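Here is the structure we will look at, set down as structure tokens.
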Amino acid sequence: MKAASKTKVLKNPKTVIKINEKTALARKHCLDLCVYKIRYMAHLSKRVNAISESQTIAMARKSRELKAQGVDVISLSLGEPDFPTPTIIKETAKKAIEDNFSYYTHVSGYLELRQAICEKFKRDNGLTYMPDEIVVSTGAKQSIANAVLCLIDEGDEVIVPAPFWVSYLEILKLAGGVPVTIEASIEHDFKITAAQLEAAITPKTRLIMMSTPCNPTGSVYAKHELKALAEVVAKYPELYILSDEIYEHINFVGGHESFAQFDFIKDRVITINGVSKGFAMTGWRGGILAAPKWIAQACDKMQGQFTSATSSITQKAMHKAMELDFDTYIKPMRNAFLKRRDLVLELMKKITGFKTNVPDGAFYVYPEVSYYFGKTYGSYTINNATDLSLYLLEEAHVALVPGAAFGNDNYIRFSYATSEENLTKALSRMKTALDQLV
Ligand code: PMP
Ligand code: GLU
């Protein structure tokens, strides 16, 4: 070591200074990292250390980082519509700013907005809600967290059909709830049956959490399938359903069916909805919860201590969204998603190792990929879907989310909420990379 630096001093003393500076910087960086890690693990609450980062958000971050380095990554990881928010909604929001609608509102959202939401539920879903049964939040994610934090105590069991949306389990953990997952198989279009549900119920079960249309599988429960589940719930008076219906408008098989339509359990249903998906408003942060008054008021109290109401401008934009005509404003986006779904399913036929259902809603496909397990290419060995996602990110520059985030690491999820051109390119790159694996 000494001899080497001596030689460099003789040749060019400035280089040595630079090297020393670099070494010192590297050491400092190392030290900072150690302090960061120690503090992170030892000084942060057990609560935050017990949960994982959202895998959908983590993958989106990784692909943004690669893009910033100049890599041409196609990101199919994050589920968000690529369409602009409808102009009429944007104009309404601009006017709200001009009109100085810029003050705190009622925590649950201003009254006329909640009235408009009640009208939407009546018109679209045949559901009767009163404004004091509605809580507007900063996104369906917050609505779910509000409900879970209000209903679940330490040790309470919550039934979550798998595949499930990535944040359910982590939100449950924050509340101290115990997730009980039920496996819905690909052969059964990833839907659980009444018998499966009943078998999972114990005296400790308090809640069932599920989405229809489903993220990540795109499965849509038909009315008779929901009714069969509702009849099971009806037998257990202390059991509630959190029905996540955020993809209501992205449904390719006809009308949306809500759990709350069954009067015999409506007083035990928490309906979650919002504007992120159907109205291409992910960044506006507008969520909706509809539930019996005592639950809604508890959520209002909870939210009042965390965030208060969502942005007043977002509320005005949501108000306009609630009034929009489906055929004029939403159907064109839904139709574009349907066309993309069909394109993706067609292109996937050329990929030997993908086994999938036909997703009837949302904008995801969720293929089973275990065909590739045990295969290798160069230094890559694929043991699970996480390995495969990493391989596809590095080798095909396509970002996906491994199924581990949704309860099963034999699957990968990709979102087709991007242009047909991007989808065609992504599927072609994936095929090339996958064909290399032997
Ligand atoms: N539920 C499901 C099933 C989702 O996919 C998402 C995705 N964002 C959410 C809830 C949360 O939506 P929001 O953007 O309104 O918080
Ligand atoms: N819900 C979307 C998804 O599943 C957005 C990401 C998130 O909110 O976690 O990809």
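The values are calculated or read from the model by the stated rules, or taken from the named source; none is laboratory data. In this text the structure is predicted, and so the values were computed from the model without any measurement. Here Cβ is always computed from backbone atoms with ideal geometry, including for glycine, and neighbour counts include all displayed protein chains. These accessible areas exclude ligands, DNA and RNA; they are computed on the full protein's heavy atoms, side chains included. Shrake-Rupley method; radii C 1.70, N 1.55, O 1.52, S 1.80 Å.
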Test each condition in (1) surrounded by 20 or more Cβ atoms within 10 Å (Cβ to Cβ); (2) closer than 19 Å to F363 by Cα; (3) of a type in the set (G, A, S) for A222 and report the one that comes out false. (1)
So which residues in the range 283-298 are within 13 Å of ligand 2 (Cβ to nearest atom) and surrounded by fewer than 18 Cβ atoms within 10 Å (Cβ to Cβ), if there are any at all? G283
Yes or no: the range 224-234 includes at least one residue that is under 30 Å from Y416 (Cβ atoms), within 15 Å of ligand 1 (Cβ to nearest atom) and out of contact with any strand residue (DSSP E or B) (no Cβ under 6 Å at 6 or more places or on another chain). no
Matching residues in the range 336-386 - criterion: being aromatic (F, W, Y), open to solvent by 10 Å² or more (accessible area, probe 1.4 Å) and out of contact with any Leu (no Cβ under 6 Å at 6 or more places or on another chain): F354, Y371, F373, Y380
Do the conditions hold for S312, that is, is it more than 30 Å from N410 (Cα to Cα), open to solvent by less than 30 Å² (accessible area, probe 1.4 Å) and more than 16 Å from ligand 1 (Cβ to nearest atom)? yes
So if I check each of Y416, Y380, which one is among the hydroxyl-bearing types (S, T, Y), closer than 21 Å to R64 by Cα, modelled with pLDDT of 95 or more and touching a helix residue (DSSP H, G or I) at 6+ places or on another chain (Cβ under 6 Å)? Y416
Give me the pairs, please: first residue somewhere in the range 244-261 and at negative phi, second residue anywhere and of a type in the set (A, V, I, L, M) and within 16 Å of ligand 2 (Cβ to nearest atom), beta-carbon distance under 6 Å, and either six or more positions apart or on two chains. D244/I272; I246/A140; Y247/A362; I250/A362
Can you go through D99, D82 and tell me which one is within 30 Å of E395 (Cα to Cα) and either surrounded by fewer than 12 Cβ atoms within 10 Å (Cβ to Cβ) or within 16 Å of ligand 1 (Cβ to nearest atom) (or both)? D82
Here are E183, E170, E198: which of them is within 16 Å of ligand 2 (Cβ to nearest atom), open to solvent by 30 Å² or more (accessible area, probe 1.4 Å) and of a type outside the set (V, I, T)? E170
Which condition number does E53 fail, the rest of (1) within 16 Å of ligand 2 (Cβ to nearest atom); (2) surrounded by 14 or more Cβ atoms within 10 Å (Cβ to Cβ) being met? (2)
Taking into account only those residues within the range 267-279 that are farther than 15 Å from M322 by Cβ and buried (at least 20 other Cβ atoms within 10 Å of the Cβ), which is nearest to ligand 2 (Cβ to nearest atom)? I272
If A93 satisfies all but one of (1) over 25 Å from L229 (Cα atoms); (2) within 16 Å of ligand 1 (Cβ to nearest atom), what's the number of the condition it fails? (2)
Counting residues that are among the acidic types (D, E), which helices (runs of 4 or more DSSP H) fully inside the range 294-411 reach at least 2? 331-348
Can you pull out every residue in the range 220-260 that is part of a loop (DSSP other than H, G, I, E, B), among the aliphatic types (A, V, I, L, M) and within 16 Å of ligand 2 (Cβ to nearest atom)? I246, I250
Sort out which residues of the range 201-219 are more than 30 Å from L345 (Cα to Cα), open to solvent by less than 10 Å² (accessible area, probe 1.4 Å) and assigned to a loop (DSSP other than H, G, I, E, B), and write them in order of number. none
Restricting attention to the range 266-281, does a residue exist that is within 10 Å of ligand 1 (Cβ to nearest atom) and in a helix (DSSP H, G or I)? no
When the range 143-165 is checked residue by residue, the ones that are closer than 21 Å to T307 by Cβ and open to solvent by less than 30 Å² (accessible area, probe 1.4 Å) are S143, I144, A145, N146, A147, V148, L151, I152
Tell me which residues, restricted to the range 19-46, are within 30 Å of G176 (Cβ to Cβ) and of a type in the set (S, T, Y). Y36, Y40, S45
